[in-house]
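Take a look at the structure below.
Just so you know, all these numbers are worked out from the coordinates, no wet-lab data involved. Here the structure is a predicted model, which means the values were calculated and not measured. Glycine also receives a Cβ, built like all others from the backbone with ideal geometry; neighbour counts cover every protein chain displayed.
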There are 2 protein chains.
Amino acid sequence: PERSKAKIVEFARKIKKVGQDDPRRINHSLKVGLAITLVSLFYYFEPLYNGFGDSAMWAVLTVVVVFEFSVGATLGRGLNRGLATFLAGTLGFGAHHLAILSGEKGEPILLGLFVFVLATTVTFVRFFPRMKARYDYGLLIFILTFCLISVSGYRDDKVLDMAHRRVSTILIGGLTAVFVCICICPVWAGDDLHNLAATNIEKLGIFLERFGVEFFHKSGEGESINKASLQGYKSVLNSKNIEESLVNFARWEPGHGRFKFRHPWKHYIKIGSLTRQCAYRVEALNGYLNSDIKTPPEIRGIIKDSCKKMSSESGKALKEIALAIKSLTPPSSASPHIVKSKNAAKNLKFLLNTDLCKDIDLLEVVPAATVTSLLIDVISCTEKIADSI
Amino acid sequence: PERSKAKIVEFARKIKKVGQDDPRRINHSLKVGLAITLVSLFYYFEPLYNGFGDSAMWAVLTVVVVFEFSVGATLGRGLNRGLATFLAGTLGFGAHHLAILSGEKGEPILLGLFVFVLATTVTFVRFFPRMKARYDYGLLIFILTFCLISVSGYRDDKVLDMAHRRVSTILIGGLTAVFVCICICPVWAGDDLHNLAATNIEKLGIFLERFGVEFFHKSGEGESINKASLQGYKSVLNSKNIEESLVNFARWEPGHGRFKFRHPWKHYIKIGSLTRQCAYRVEALNGYLNSDIKTPPEIRGIIKDSCKKMSSESGKALKEIALAIKSLTPPSSASPHIVKSKNAAKNLKFLLNTDLCKDIDLLEVVPAATVTSLLIDVISCTEKIADSI
């Protein structure tokens with residue numbers, strides 16, 4: 001009993017964590033429950049269909065399948081589903097009509113041929129990167145509806161009736177999903193994307209601001225800051241896929257809050273890739289925090305102040321850029337920090353040019369030199385990010 | 001007409017490229033076409049259902065939705081769909097029965113409550129990272145089937161009949177999809193994962209093998225190799241997501257070819273993350289290929305041979321590791337290269353220790369020093385990768 005009790009506590013803790021990581025998840029779950037209940041009961045009471053017929057089913061199915069976490073994803077799926085059903089329905093009706101005309105013998109052959117050619121072609125089209133990104137679901141529904149309509153053994157007038165009922169139920173299901181999704185605590189993919197871009201830059205800034213201090217921190221000289229708290233930037237390294245899907249969702253969204261319709265969402269991919277360029281440098285820098293090779297004190301003395309300055313100023317600049325993104329203002333407040341960090345880099349170059357090193361073990365200089373040159377890289381990355389906004 | 005002709009040619013070129021990038025895509029498209037045609041015509045001819053009834057529809061729907069590119073994905077979806085339909089059907093039947101017992105007034109209230117609670121809970125469960133990775137589709141189908149069954153206005157015996165027909169049609173659809181997917185040119189996610197791990201390591205090896213020569217290549221000293229051909233490693237940086245989904249698919253697959261069932265697929269995630277660690281260093285190295293700071297000739301002379309050796313030997317070691325993975329043998333042939341590269345690193349350290357530099361501009365040493373230390377990092381990464389296999 002002790003063991004199972006511990007397991008239950010552990011499980012409850014996990015549930016709480018999933019909810020706390022993003023409280024909007026709880027809202028989303030309640031919204032999905034609400035939308036499905038609405039549609040289900042609507043059809044349960046609807047006297048027109050007396051009970052739960054086969055068409056009403058499509059309304060529930062549409063709500064379950066279309067309702068996604070963000071507004072953009074929901075709209076994208078809903079539009080894909082609606083459009084694909086309409087187009088494939090029309091085409092399928094045509095194919096069905098054509099097959100009937102060809103007589104009883106030719107009908108199944110022609111139908112089989114149509115279905116085979118269309119399913120093969122559309123499946124192949126799904127491999128096109130652009131189609132996959134935006135219309136994958138629509139293409140799937142296109143195949144589905146075409147097969148259902150064209151192969152249905154019914155006569156023309158019954159097919160039309162069926163198509164009419166399907167379209168209307170899908171409309172009701174889709175509209176319910178979109179309505180609940182937008183009207184109750186909407187989650188905009190565009191907002192998420194915008195915040196992701198800002199926090200990613202901020203994470204790099206937090207690391208850089210403290211890196212200089214950490215790197216020149218002598219062991220034994222008081223407690224070092226917890227190094228684990230500096231590892232927040234790691235998530236930036238693998239942010240590409242989340243970013244791309246958010247961009248695809250955001251492009252479906254209408255104007256909302258501070259963003260107009262046709263906000264240049266694609267630009268965030270460019271900012272993101274520059275951020276990752278910078279993150280790779282930071283990852284390399286991080287490797288030197290735990291390096292065992294000690295920099296000789298003479299060199300330390302020369303580079304310490306400039307390096308600290310370079311690191312903290314570029315960190316501050318990145319943080320300012322993140323703030324500017326968040327408040328949608330031009331990142332002018334970042335430029336003094338960039339200038340300062342560039343001056344520190346110039347200063348360091350000057351120091352190194354005059355202070356020719358005598359009798360210094362080149363090997364021991366390596367980590368310090370690497371850190372210096374990576375920091376110079378980081379500064380140029382920072383500048384590029386600031387320019388791109 | 002000139003313009004539209006150019007556009008058509010461009011479009012044809014794109015189609016060809018998608019096909020050439022992975023010829024299995026064409027096979028896959030044909031397989032999907034075949035499976036859907038089979039199921040469609042089967043139901044078209046089936047006298048039992050006289051024509052295309054509402055249950056037969058589920059077979060086509062199942063094929064379209066379940067048929068994925070790799071065997072693992074198809075099996076995963078099929079099992080998810082089958083199991084979820086069965087469980088939700090049973091539960092839905094129970095809920096339906098319970099609601100009827102509560103009388104005519106309580107029925108819709110109780111039904112609405114059931115649907116709301118279940119939809120909300122299951123939607124929340126979909127946010128659990130582990131559930132999302134393997135059972136996301138099953139949970140979706142679970143909500144769907146539960147709602148359809150429990151809210152259906154039919155009486156108990158009709159519900160049972162409906163459930164029976166749905167399960168049999170889904171079985172037929174699912175089995176057709178799985179059969180065509182496995183029996184005709186199967187695409188195993190496990191094979192893809194295995195090859196991905198090997199080629200990613202190989203790409204790093206190719207870069208490193210040529211990096212030393214490129215870096216110490218004097219401009220004007222004959223044509224340099226095309227630098228673009230060295231950029232193949234870039235795809236390794238963002239390989240995490242593809243890897244994770246392939247692992248999830250591979251875990252559904254039965255034993256095939258050289259892999260037994262329950263092959264330790266999760267181990268590939270570890271290998272992948274070590275590979276990416278190495279790739280981040282390589283990315284930093286790549287930045288120095290185009291650096292403008294010239295290394296002074298004295299230093300060049302000292303480090304050139306050792307660095308070249310370190311780079312080419314670690315590259316060779318990685319290539320050997322990739323070969324060993326491909327042929328499923330222990331990577332013993334890589335160890336002499338690792339030893340050689342370590343010796344080169346030791347040698348370099350020794351040289352730098354004796355050859356104290358006099359009158360050398362520290363600034364100009366920076367790129368060389370960085371490259372050296374990154375190479376040392378790369379060697380330790382290489383060793384870790386070799387150990388992990």
What is the mean number of Cβ atoms from other protein chains located within 10 Å of the Cβ atom of each residue in peptide B:230-236, rounded to a whole number?
0
Distances in nm from B:Arg262 to the matching label points in the other copies, shortest first (labels 7 Å along Cα to Cβ)
5.9
So the label point sits 7 Å from Cα along the Cα-to-Cβ vector; using that for A:Ala6, what distances do you get to the other copies, in nanometres, sorted shortest first?
7.2
Can you pull the one-decimal nm distance between simple spin-label points at B:Ser327 and B:Leu113, each 7 Å off the Cα toward Cβ?
6.9 nm
Exposure proxy order (Cβ contacts within 10 Å, fewest to most) of A:Lys158, A:Lys203
A:Lys158, A:Lys203
Overall dimensions of region B:54-153 by Cα: Rg and Dmax, Å:
15.1, 50
For A:Ile109, label point 7 Å along C-beta direction: distances to other copies, nm
6.4
What number comes out for the charge environment of B:Val9, summing +1 per Lys or Arg and -1 per Asp or Glu over other residues with Cβ under 12 Å away?
+4
Ranking A:Val63, A:Val39 by Cβ neighbours within 10 Å, fewest first, what do you get?
A:Val39, A:Val63
Where Lys and Arg each count +1 and Asp and Glu each count -1, what net charge lies around B:Thr85 among other residues with Cβ under 14 Å from its Cβ?
+4
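Just counting partner chain Cβ atoms within 10 Å, what average do the residues of peptide B:139-151 show around their Cβ?
Details: counts 0, 2, 2, 1, 8, 7, 1, 2, 10, 7, 1, 2, 12.
Going residue by residue through B:139-151 and averaging, the value is 4.
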Once you place label points 7 Å from the Cα toward the Cβ at A:Leu101 and A:Phe350, how far apart are they in nm?
8.6 nm
Which ordering of A:His96, B:His164 is given by a fewest-first count of other beta-carbon atoms within 10 Å?
B:His164, A:His96
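Which net charge results for the neighbourhood of A:Phe261, defined as the other residues with beta-carbon distances under 15 angstrom from its beta-carbon, given Lys and Arg at +1 and Asp and Glu at -1?
Numbers: positive: A:Arg251, A:Arg258, A:Lys260, A:Arg262, A:Lys266; negative: A:Asp191, A:Glu253.
Once positives and negatives cancel, what remains is +3.
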Across all Cα atoms of region B:110-210, Rg and the largest Cα-Cα distance (Dmax), in Å, are 21.8, 74
Averaged over peptide A:17-23, how many Cβ atoms belonging to another chain are found within 10 Å of each residue's Cβ?
2
